[in-house]
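Written below as structure tokens is the structure these notes are about.
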Amino acid sequence: MTNAMGPTLAGGMQPIVEDGYDLLYTPDVNNDALQREGKPAVFYWLPNSVRIARKAGSEDGDFLFNLIRFAGVENAGDAGGNKMVAGGVLTFTATMAPPDRVLRSSQEKIVKQWTAQPDFFWGIRNNQPPVFRPAIITSNNTTISNVSPIANKGTPAFVRPTKDGSRRSGFKLFGSLPPPNLPSVVRDGPIASSTLDPWYWQMQGQGSGSIDASAQNAYSTLVGAYPTAILWEAFHGVASPIVVIQALKLKVWSPVVELSIRGDWDTVFEHFSAAVHASYLWASADVAAEINNMRATGKIVVDLKVDQTLPGADKIAETIEKRSDLVLQKFMEMAQKRIFEPPAPKVDAAQASTPPGPWGLGLALKYRRDTNKLKLEYNETRQFAYLQEHTVSSSLEGMYDEIKKDPTAERKYFLSVFLNDWPRNLVRIVKPVVNWRSQPIAFLSVSIGYPDKDGALQWEGTTFQKTDAEGTSWKLGVTQKPKSDVKKPPEGWEPDRTFIKRKVHLLESTGIFDDPKIRVEVDQNVIDLDPEPNGTPMNDTAIEVRADDACPIAVGPITLGVMLDDAKQTVEATFDATDAAGTSLGRDPIRFQWKMADLDDPRFWQIFTNDPKVRAFYRYQVKVTIKGSLTSKGQTWTGPWINTSAKGALVVEVPMADDQSVVSRGVVDIMVVSAKGEVTRAGEFPPSRPTKELPAPGISVGGWSVDGATRDAPPAAANGSNGAEDRRPKLSDLMSVPFQRA
């Protein structure tokens, strides 16, 4: 019986553009076999553009976008004259999800295009309506373009290459000195050294994004005067300076292929050493390029063969090589053990200048010939599941058309705040960051306190809950007091600071009987994100109430790294929270079980707690069970504990029965008779000294039993061995009594 396994790039991607929405479609790797069994073909869709989200997901709802620009003058009197302060706050929500009608229309085009076509992967060759599913996204790293010159507020300048070619041409960054008359923090008395640079840019919300193709991601940024002016004019025009980049990793499958990689690690290392530049860290694009160079020069040989019984096998193999990261991923699995990670106390690392790659960080090149003088050999034949990198990026447009259609709409999206005698007026904009669908959040709350003239904190607060409109935020303004006007100020207070108390209010924990595939542990129903009694003093304008801060462990989707052959096989994985050293914290472990029927269903594990000992460190142990029957024994083996950390997706490593550190049960003992007539278990050496053993009523050898009575113990031996005698049967003993069928 064949099931849909997942998308494949062997057949290529099919782009569909419908009413300005860009979509990509891929077929399931098992589409041909599915249709031969009378099942529908399966296709996967993936958005290929990013846009500003609208309220409630409707096509005519308000944009989830807001740009506030603020400006004011601080009257410093005789101390320093008037100081101008200007900047802005930009908040918006981005999404890749197309409208429902666009999705339906694009799917109809796929059906029309591929019905009755002979293509092995794409052809729809039966009367079953095809099934459409979103692509399997295992991770999503989001970034936003920066309209400032660079992130560290410097000014880029062109650097010419040296004559000997040892240095690449490019841009070098020179720091810019912020004008002293644009402070970000102003207090009575001396002005703080920290000032708001006119090119200041601080974006919140970047990093790990949702792995749901239909989800939304919210962003908020505080910017200086120059970016504010650029954003204001640009969003009133037809072009947008903001580009949202979502670097996705898709789980895809290959058809049955044979992949072999051969070479010599010395040659590979020498090639990378020759290609390396000063201050160079290897990222995925760099490694991929060098692999292609080595293949072209014959330093490594890559052979990828597809099952020749498939129609167009050679073309499929060519497509896999061009469109997938399969060769790169398998090479890196070996290279990280040989030329990137081994200790090299006497070898200087070749450093790099590129940003971190897909393996978490950029990799430095290190190698020891005395410990790594090995051949590069890899050969495997199977259906490969691997992670394919795919980047979706778009500029945020649409505001110009919205304002042109309705000029009064400008006031909904663009606000100007004039700070009279600023910074006497403090503004706080609070925004919740929570996934209401996957996190057990009842509601979020925030309280903002500012002292009165006696020093007692006066609190105002609000709550955020699931029923709130998308993009909801809360803004509070308070009048700033000079420090001298407060008699007994709270500890840690400064005139520009407000005290923030954020709390996450949770639902009850989920048990195994709620959903055995989703385990959520809730230690407290209310978790304080800021310390009592007064919370955290902050001078930030944009403040997040982030539910993830109460969830140090969030693992998912959790999938197996193997396939199950039949219903007799089950896999259990036990998860346990640990400290950074891998020592268990003593919490109740969580166990997930996989059977053949639910193999493709992911598991999720979360812990919500304010215990500082619980961080993003955990371990897991895998137990494999093959059930027996009335006529055959089963088998069970348990692998070692595997320590790991970080949030997000996890592919569980399943040990084989003969792996090291694996504990097995249920293997039938095989007895072996040596030339000297000694009977032992297979793989066991006879003892060099006699040992005490209780006499057995019968001995089973190869399916036959020997009926023998126990004998009296012999007298003490003269060699001082306490009179003990090896009671295991000799060959002569077995020959002295008749055999009978057990």
- Task: Looking for whichever is over 30 Å from A135 (Cβ atoms), modelled with pLDDT under 90, in a strand (DSSP E or B) and of a type in the set (S, T, Y) here; the options are S447, S416. Which one fits?
- Result: S416
- Item | Hey, K595 at pLDDT 90 or above and either touching a helix residue (DSSP H, G or I) at 6+ places or on another chain (Cβ under 9 Å) or surrounded by fewer than 16 Cβ atoms within 10 Å (Cβ to Cβ) (or both) or not | yes
- Query: From the residues in the range 566-586 that are of a type outside the set (A, V, I, L, M, F, W, C) and without any contact (Cβ under 8 Å) to a residue 24 or more places away in the chain, which one is nearest to A442 (Cα to Cα)?
  - Reply: G586
- Task: Output yes when any residue across the range 455-468 is buried (at least 16 other Cβ atoms within 10 Å of the Cβ), at pLDDT 90 or above, over 35 Å from the mean Cα position of the chain (by Cα) and part of a strand (DSSP E or B), and no when none is.
- Result: yes
- Message: Criterion first (of a type in the set (V, I, T) and closer than 30 Å to F604 by Cβ) does T510 satisfy it?
- Response: yes
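One line per residue, one yes/no per condition, for (1) under 30 Å from S220 (Cβ atoms); (2) touching a Phe, Trp or Tyr at 6+ places or on another chain (Cβ under 7 Å):
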{"position": "M5", "(1), (2)": "no, yes"}
{"position": "G11", "(1), (2)": "no, yes"}
{"position": "Q14", "(1), (2)": "no, yes"}
{"position": "G20", "(1), (2)": "yes, no"}
{"position": "Y25", "(1), (2)": "no, yes"}
{"position": "V29", "(1), (2)": "no, yes"}
{"position": "A33", "(1), (2)": "no, no"}
{"position": "E37", "(1), (2)": "no, no"}
{"position": "V50", "(1), (2)": "yes, no"}
- Item | Scope the range 1-52; condition assigned to a loop (DSSP other than H, G, I, E, B) and closer than 25 Å to I144 by Cβ; matching residues | G20, N48, S49, V50
- Message: Tell me yes or no: at least one residue of the range 513-525 is in a loop (DSSP other than H, G, I, E, B) and of a type in the set (A, V, I, L, M).
- Response: no
- Residues being surrounded by fewer than 17 Cβ atoms within 10 Å (Cβ to Cβ) and touching a residue at least 12 places away in the same chain (Cβ under 8 Å): count how many of those fall in the range 519-531. 5
- Task: Only residues that are charged (D, E, K, R) and under 15 Å from Q606 (Cα atoms): list them for the range 553-576, please.
- Result: D576
- Restrict the check to the range 547-559 and report whether at least one residue is farther than 30 Å from F443 by Cβ and of a type outside the set (S, T, Y). no
- closer than 21 Å to T221 by Cα, of a type in the set (A, V, I, L, M) and loosely packed, with under 14 Cβ neighbours inside 10 Å - does that describe any residue in the range 411-418? no
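Conditions (1) under 13 Å from A4 (Cα atoms); (2) at pLDDT 90 or above; (3) surrounded by 16 or more Cβ atoms within 10 Å (Cβ to Cβ); (4) of a type in the set (S, T, N, Q), marked per residue:
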| residue | (1), (2), (3), (4) |
| --- | --- |
| P15 | no, yes, no, no |
| L23 | no, yes, yes, no |
| P27 | yes, yes, yes, no |
| Q35 | yes, yes, yes, yes |
| K39 | yes, yes, yes, no |
| S58 | no, no, no, yes |
| D62 | no, no, yes, no |
| A76 | no, no, no, no |
- Considering only the range 215-248, state which residues are outside any strand (DSSP E or B) and of a type in the set (S, T, N, Q). T228, S240
- Message: One residue is enough: does the range 127-140 have a residue meeting the conditions in a strand (DSSP E or B), surrounded by 15 or more Cβ atoms within 10 Å (Cβ to Cβ) and at pLDDT below 55?
- Response: no
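The values are calculated or read from the model by the stated rules, or taken from the named source; none is laboratory data. From a predicted model like this one, the values you see are computed outputs, not experimental measurements. Neighbour counts run over all protein chains shown; Cβ positions are idealised from the backbone, glycine included.
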